[in-house]
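A short write-up of the structure that comes next.
The values are calculated or read from the model by the stated rules, or taken from the named source; none is laboratory data. In this text the structure is predicted, and so the values were computed from the model without any measurement. Every residue, glycine among them, receives a Cβ derived from its backbone with ideal geometry; neighbour counts consider all protein chains shown. Ligands, DNA and RNA are stripped out before the accessible areas are found, and what is left, the full protein with its side chains, is counted by its heavy atoms. Shrake-Rupley method; radii C 1.70, N 1.55, O 1.52, S 1.80 Å.
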Amino acid sequence: MPSRDDKPFVFDTEHRLVVLTGAKARSLPELRRMLEHAPKSSIFFHTHQEYLVRDFRKRVYYNDFALWVSEALREEALAEKLAAIDLLAFTTIRELQLAILESIDGYTRTTVTQRCRPEDAFHFCRSRSFVLPTGLVAHDVPEFFAKLPQISHASLYFHFFEARLRLGRRTSDFSRWLRGRERTDLADAIDALNPYVRTLGDLKRDIILIGQGAGNQS
Amino acid sequence: MVGPEVVDELTQLAERVGHRRLVHVNSTAVGGGVAELLTRLVPLLQELGIDTSWEIIKGDRAFFAVTKALHNALHGATEEITQKMFDVYRETIDVNLRDLGPMDDFVVIHDPQPAGLVARKAQSGGHWLWRCHLDVSTPNPRAWAFLKPYIEQYDGSIFSTAEFSQALGVPQFLIPPSIDPLSDKNRELTVDDTRTVLEKHGIDPKRPILTQVSRFDRLKDPLGVMEAYRLVRRRYDCQLVLAGGGAADDPEGAQVLAEVREAAGNNPDIHILSLPPFSDLEINALVRGSTIVMQKSLKEGFGLTVTEALWKRRPVIGSAVGGIKQQVINGVTGFLVHSPEGAANRAIELLSDESLRHTIGDNGHQHVRENFLTTRHLRDYLLLMLAMDHRESDITMLTGSR
């Protein structure tokens, strides 16, 4: 039996600066070649950045690769395949990268695709992230759920998306901490939330509801 | 306007940067987007505890004629770039290097005009960054080949959109420009204030007004705007305002203004307004009083005039070039066009649908609020300074808690 972890939960937040890699693709073969050698932070950036954008628009696709394949190459079937890649199914970026490559390979085996116009090229970016404390700390489970309404979208994004995949923690910081507190029920409930089909606002609300439903017993 | 949490974040980031010195260097104090950005950013960075200053290089008419040709060529325009021009550039940079005082912890050099100052880097130390405000997506190869060796001596470069990134041997960062919503150019005005400015210039507030605000520069395509206006005028009794000023580092402005005036002829509904520096309130009123704002640039580094119009909830018709594409989301915050005919069609559509104008105007305001206000720009500069200090990995933990 793992021993109970009494460490408090420290809510951090993340600030991002976008780095341009200078690599650009105008065709699927070019995209594939660059994807194969792209840094992990670039794969993460192009599959996740739209989830952080607090925007008034509803996106056609939240995956940059899918969006580009749709808008610049007009290859809707591939765009749909790329958008359908289940990000929750992966616990490492490398696995996600391979899944994207596999989708492209499968498509190009049977379909001849065109080059896009220079102005529509795909530009590979990555993010340079800085993680800072928010000043919010929870010493027990009730306090954890009580503090949640105060955290920003950037903080939620860091603990949920970045921690799980980019930092290789395989699960959200929230559920990891709750397991350490022997609240596997709450951790499992949070892990069952799909963050990719919710806005960050909805995700926060649903996590808070899990806490309220459980009676916040520590 | 942005809430205390944003201010707290900026303060926290500034504390991490520490009490450091930052100097911005460009080529003009007045006119154009760079001077305008620095006017707002420098005091705000100072308020955050970053010891920030702003220097301007000196140059004569010959130097600015060369840098204007380089500017046009880097935008992809056909320009004859000669060896003699490179010599004039180097001589002026050498003069400026002699006069240059000690440089700071962070040095941000804006655009090609002062780019050669990087020769001082080895002696002065510090982090040197080249900030490009131009659309260098398809530069004239000779002009780019001249500039690139300078850029590659910097510690990093900054571009306004991903489209402008190049194969460079130095890190490239994406930092879009911004506007200050509290500045005279952007703050709320009363209906009376707006009407007074329109009437002062003989513009009828009761009839639709199409406006383009920009320097008189061929890359802003003022003649294309006029062509679009003439097509719209066949259907709608409307007016055109072309308003702008000059910049000290733009020697072509007077000639382009004369060409525009000639093309307008004696049409009483075309208002060509050459405004003096510090006409911010007047420009604010002209945009607020407009029915539609156009930015029909042939090339555009970013287009702060677009940002300003979006902030004021004006529907924008912009060319699908450069930084305009980041701001005008086609059909959502405005319309992207590729020709005078396209601009005219969209203007007619907007003039005939008040509800569409309101929806698009509201979306544009929201888009700017989320992405292009000064606070975001300040945060990016602070992060950039941290990125220069922490180059070891993609994620830097400044928490001390994990």
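To the nearest 100 Å², how much accessible surface do chains B and A cover up together, summed over both, with a 1.4 Å probe? Please report the intermediate quantities before stating the final value.
Working: alone 17280 and 11190 Å², together 25330 Å².
It comes to approximately 3100 Å² buried between B and A.
Whenever you get a sec, compute what percent of the accessible area on segment A:87-201 sits on carbon and sulfur atoms (1.4 Å probe).
Numbers: 2420 of 4620 Å².
Of the solvent-accessible surface of segment A:87-201, carbon and sulfur hold 52 percent.
For a protection proxy built on the mean count of beta-carbon atoms within 10 angstrom, sort A:147-156, A:122-131 highest first, please. Could you put the intermediate results ahead of the total?
Values: A:147-156: 17.9, A:122-131: 22.3.
Top to bottom by mean Cβ count within 10 Å: A:122-131, A:147-156.
Determine the dipole magnitude for segment A:16-126: charges of +1 sit on the beta-carbon of Lys and Arg, -1 on that of Asp and Glu, nothing else is charged, the reference point is the Cα centre, and the result goes in debye to the nearest 20. Mind dumping the intermediate values first?
Values: 17 positive and 15 negative charges, 62 e Å.
So the magnitude is around 300 debye.
Taking a ≥ b ≥ c as the square roots of the eigenvalues of the Cα gyration tensor of segment B:169-239, is the shape rounded (a/c under 1.5), prolate (a/b larger than b/c) or oblate?
Numbers: a/c = 3.09, a/b = 1.38, b/c = 2.23.
Oblate, because a/c is 1.5 or more while a/b does not exceed b/c.
Classify segment B:276-375 from the C-alpha gyration tensor, please: rounded if a/c falls under 1.5, else prolate or oblate depending on whether a/b exceeds b/c.
Working: a/c = 1.29, a/b = 1.21, b/c = 1.07.
Rounded is the answer for segment B:276-375, as its axis ratio a/c remains below 1.5.
Of all accessible surface on segment B:167-223 at a 1.4 Å probe, what whole percent is carbon and sulfur? Walk me through the numbers before you get to the answer.
Values: 1380 of 2520 Å².
Of the solvent-accessible surface of segment B:167-223, carbon and sulfur hold 55 percent.
Would you please give the FRET efficiency between A:Gln49 and B:Ser352, computed as 1/(1 + (r/R0)^6) with r the Cβ-Cβ distance and R0 = 35 Å, to the nearest 0.05? Each step should come with its number before you reach the end.
On the way: r = 37 Å, r/R0 = 1.06.
Rounded to the nearest 0.05, the efficiency is 0.40.
Which of the three applies to segment B:1-105, rounded, prolate or oblate, going by the alpha-carbon gyration tensor with a ≥ b ≥ c and a/c under 1.5 meaning rounded? Could the numbers behind the result be given before it?
On the way: a/c = 3.22, a/b = 1.98, b/c = 1.62.
Cα axes put segment B:1-105 in the prolate bin.
Other chains' Cβ within 10 Å of B:8-19 residues: what's the mean? Spell out each step's value before the answer.
Working: counts 2, 6, 0, 0, 6, 3, 0, 1, 3, 0, 0, 0.
Per residue, the number of nearby Cβ atoms from other chains is 2 on average.
Any chance you could check the Cα centroid distance between segment B:340-354 and segment A:176-208 for me, in angstrom?
48 Å
Alpha carbon centre of segment A:60-129 versus segment B:379-400: separation in Å?
The distance from the Cα centre of segment A:60-129 to that of segment B:379-400 comes to 29 Å.
Going toward the positive end of the dipole of chain A, with +1 on Lys and Arg Cβ and -1 on Asp and Glu Cβ, which of A:Pro195, A:His37, A:Asn63 do you reach last?
In chain A, that residue is A:His37.
Kindly report the accessible area of the protein assembly as shown per residue (heavy atoms of protein chains, probe 1.4 Å, no ligands, DNA or RNA), in Å².
41 Å²
Counting only other chains, what is the mean number of Cβ atoms within 10 angstrom of the Cβ of each residue in peptide A:120-130?
Details: counts 1, 3, 1, 6, 2, 5, 1, 3, 12, 7, 12.
Partner Cβ neighbours, averaged per residue: 5.
Taking only Cα atoms, what is the 0 to 90° angle, nearest 10, from helix A:200-213's long axis to the longest principal axis of chain A?
30 degrees
What nm value, rounded to one decimal, do you get for the distance between A:Leu209 and A:Asp185 when each label is placed 7 Å out toward the C-beta?
If labels sit at A:Leu209 and A:Asp185, their model points lie 1.8 nm apart.
Counting partner chain Cβ atoms within 10 Å of every residue's Cβ in B:384-396, what's the average? Don't skip to the end; give the middle numbers.
Working: counts 2, 0, 5, 5, 0, 0, 2, 1, 0, 3, 12, 12, 6.
Mean inter-chain Cβ contacts per residue within 10 Å come to 4.
So, with a 1.4 angstrom probe, what is the percent of accessible area on segment A:1-84 that is carbon and sulfur? Walk me through the numbers on the way to the answer.
On the way: 1970 of 3940 Å².
Carbon and sulfur together cover 50 percent of it.
Counting helices only, and only those DSSP H runs with n ≥ 4, report the 222 nm mean residue ellipticity of chain B as the sum of -39,500 (n - 2.57) divided by its residues, in deg cm²/dmol to the nearest 500.
Details: 15 runs with 177 residues, N = 402.
Here the helix-only value at 222 nm equals -13500 deg cm²/dmol.
Could you pull the accessible area for B:Ser27 with a 1.4 Å probe, rounded to 10 Å²?
10 Å²
Could you sort A:68-81, B:348-361 so that the peptide with the highest average Cβ count within 10 Å comes first and the rest follow in order? Write down the numbers at each step before the final one.
Values: A:68-81: 18.3, B:348-361: 15.6.
Per-residue Cβ counts within 10 Å, averaged per peptide and sorted highest first, yield A:68-81, B:348-361.
Within segment A:195-213, name every residue whose backbone N is under 20 Å away from a label modeled 7 Å from Cα of A:Glu95 along the Cβ vector.
Within reach of a label on A:Glu95: A:195-197.
Give the ranking of A:Glu143, A:Glu50, B:Glu227, B:Glu188 by solvent-accessible surface, highest area first, calculated with a 1.4 Å probe. Write out the running numbers ahead of the final one.
Values: A:Glu143 50, A:Glu50 25, B:Glu227 90, B:Glu188 140 Å².
Ranking A:Glu143, A:Glu50, B:Glu227, B:Glu188 by accessible area, largest first, yields B:Glu188, B:Glu227, A:Glu143, A:Glu50.
Tally Lys/Arg at +1 and Asp/Glu at -1 over every other residue whose Cβ is under 12 Å from the Cβ of B:Leu10; what's the total?
Values: positive: B:Arg16, B:Arg376, B:Arg379; negative: B:Glu5, B:Asp8, B:Glu9, B:Glu15, B:Glu47, B:Asp380.
Here the charged neighbours net out to -3.
What value does chain A have for Rg/Rh, both radii from Cα atoms and Rh as Kirkwood defines it?
Dividing the radius of gyration by the Kirkwood radius yields 1.03.
Which order do you get for A:Arg26, A:Arg166 if you rank them by accessible area with a 1.4 Å probe, largest at the top?
Descending order: A:Arg26, A:Arg166.
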